[in-house]
1. Can we say A:Ser263 is over 28 Å from the mean Cα position of the chain (by Cα) and surrounded by fewer than 24 Cβ atoms within 10 Å (Cβ to Cβ)?
2. Please give the number of the condition A:Tyr287 fails out of (1) part of a loop (DSSP other than H, G, I, E, B); (2) hydroxyl-bearing (Ser, Thr, Tyr); (3) crowded, with 18+ Cβ neighbours inside 10 Å.
3. Can you find a residue that is closer than 27 Å to A:Leu191 by Cα and touching a Ser or Thr at 6+ places or on another chain (Cβ under 6 Å) anywhere in region A:400-408?
4. Tell me, which helices (runs of 4 or more DSSP H) lie completely within region B:1-102 with 3 or more residues that are more than 22 Å from A:Tyr287 (Cβ to Cβ) and at pLDDT 95 or above?
5. What pairs come out if I take residues in region A:252-280 that are more than 11 Å from every other protein chain (Cβ to nearest Cβ) and pair them with residues that are small (Gly, Ala, Ser) whose C-beta lies under 6 Å away, six or more apart or interchain?
6. Within the bounds of region B:111-132, is there any residue that is of a type in the set (Gly, Ala, Ser) and at positive phi?
7. Applying the selection to region A:240-265, what residues are among the β-branched types (Val, Ile, Thr) and in a loop (DSSP other than H, G, I, E, B)?
Amino acid sequence: MSIPAIITLTIVLLFSLLLGGMWVFNALGIAGVLGIFLLGTDLGGAISYQVWGSSNNFILTAIPLFIFMGEIMLRSGISDRLYSGVSKWVGSFPGGLIHTNVVACALFAAISGSSVATAASIGTVAIPDQEARGYDKKLILGSIVASGTLGILIPPSIIMILYGSWMEVSIARLFAAGIIPGIMISLFFMLFVVIKCLRQPKLAPRLKPSSLKEKLFSLKEIWPGLLIITFIMVAIFGGLMTPSETAAVSVALVLLLATLLGSFSWRLLYKCAINTIYTSTMILIIYVSAKILVMSLMYLGVISLIPQFVDSLGLSPIFVLLVIYLIYLILGCFFDGTSLLLITLPIVQPLIANIGVDLVWFGVVVTILIELGMITPPVGLNLYVITGISDSSLSETIKGVFPFFLILLACLGLFTICPQLVTWFPDLLFGG
Amino acid sequence: MIKFRFSLILSIIDKLSLYAARGAIVALLCMTVLVTIEVFMRKFFGISTKIAHDAAGYFLVAITFLGAAETMRVNRHLRVKILYDRLNSRAKNIFDKINYFIAIIYLSLLFWASSSLVFFSFKEGFLTESVIQIPEFIPELLIPVGLFFFILQVLSKLFRKFNRGDRL
């Protein structure tokens, strides 16, 4: 069989299997195996090399460790404390508790590496409370669904660990690069809520301003979360530990905190650990299979053909970048974040290298594109999670999240026009 | 009688999946403890265990493969269901059977390739590159072991599909 025919068959098979409801790891792997087999390369050697090499990787140990830490924080009641503590500080702004959703999600994002976990943990506490206070449902849902996506932008971030490991980019740099965009997006979300609620105050009644004593007292609720966030930031950005080491020590620290707060039990530890295994295995098996696919594409010459093909079209780098954005936005409607990243990176990596963009900056941009995918129907995971928790209709959630989607899209444009907003902080910390 | 025996086999497979996942939990806890000890030893005493990073990599292999069967049992492996959800139950059933069948082929290939790797490392007497040199086939063995449980779990799911859903 000719090489172009094998390439076509591999790609058609991959997307047919994915759309046919096949597990993502299986679709990636079987497409990769078929390509290697049809080429007549040593199948056993190629597979075993990739399976062992990609799963025995110290950088990736940060994934189960950060997930484990997030699980313990979530199940030991830290998100409830965070929500009630933050409400004392921002609840009196125009938009009331809606700001609590944004700020609590941003803070929880700095503990958890997952958007779904962030949205679910804050949503579980916030939605019933704010509904009971008569807040506009669409605004509640939209703010939580969108702010939940900050979980993968504000460090630690599972998506950034996967990206960094795949592209061989410093994960500490990527984490640092996510901070300013994460804060800016949070502030834009809050600005939108202020403007909307100043025009229609009934949407979200303000809370009575808290006294200084109440605010200080609320720190009692927030301090465990703030302590962990501070530890993670100092350890990684201070160059004291690698992200994986930081994650391991954070797990130990969180377990100690849970014990001090009286919420530790062996049952809790088991539940957190088994949930960590489910999530980590799901991500890591996809990673291993994606590596098999990329080896197949490399053998087939696709990896070197793509830049050559794009060069032959004579397109400008910015046009190539916009096409990549468009592809991510379209695929984001159909794939979840992890799958989207690992399916596209083998193709996008040579393209990006060819047009010479900063890989740290691109890591942040891809993360924002994945965030957009998470709030885009029909497969936006955050939409379904929050719709499920709130017992509302999907269309109501989609209507609520739409303005936040536009803000995220505008931020993506802003970071494309001014890449320094992304690269300034990591350059400051680690040198240019 | 035959039905009873099959249900017993299926429940044994489910238990094996759970026990393998518990092995993955042990690996997760060992990884946490070992890396934490490494950091403390280095920061406070200026010495390194010299095995933490390599061992953590092996624990990651255990988490990835020993947890896979149980993750399948509780349906936590990711699928894109955009078209699948629009199918009627009969078509879904057919798609599921095809998916399980393809999964068995893929996982069997991985099992064969990783078993060959283990056998090769064993035959050549390769040792790990860390300070404590252990035979390399030992951590490599985690892959075919995990895949074996994974294949059993997929087979059990396929069998359940052929017996009108999850009745057994």
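1. Against the criterion (over 28 Å from the mean Cα position of the chain (by Cα) and surrounded by fewer than 24 Cβ atoms within 10 Å (Cβ to Cβ)), A:Ser263 does not qualify.
2. (1)
3. no
4. The helices (runs of 4 or more DSSP H) meeting that bar are B:2-40.
5. Within 6 Å, the pairs are A:Ala258/A:Ser76; A:Ser263/A:Ser76; A:Ser263/A:Gly77; A:Phe264/A:Ala258.
6. Scanning region B:111-132, I find at least one residue that is of a type in the set (Gly, Ala, Ser) and at positive phi, so the answer is yes.
7. The one that is among the β-branched types (Val, Ile, Thr) and in a loop (DSSP other than H, G, I, E, B): A:Thr242.
A quick yes/no check of all residues on (1) under 24 Å from A:Lys271 (Cβ atoms); (2) away from every other protein chain (no Cβ under 14 Å); (3) surrounded by fewer than 15 Cβ atoms within 10 Å (Cβ to Cβ):
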residue: B:Leu10; (1), (2), (3): no, yes, no
residue: B:Ile13; (1), (2), (3): yes, yes, no
residue: B:Ala20; (1), (2), (3): yes, no, no
residue: B:Leu28; (1), (2), (3): yes, no, no
residue: B:Val39; (1), (2), (3): no, no, no
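The values are calculated or read from the model by the stated rules, or taken from the named source; none is laboratory data. Owing to the predicted nature of the structure, the values given are computational and were not obtained by experimental measurement. Ideal geometry is used to build each Cβ from the backbone, glycine not excepted, and the neighbour counts take in all protein chains shown.
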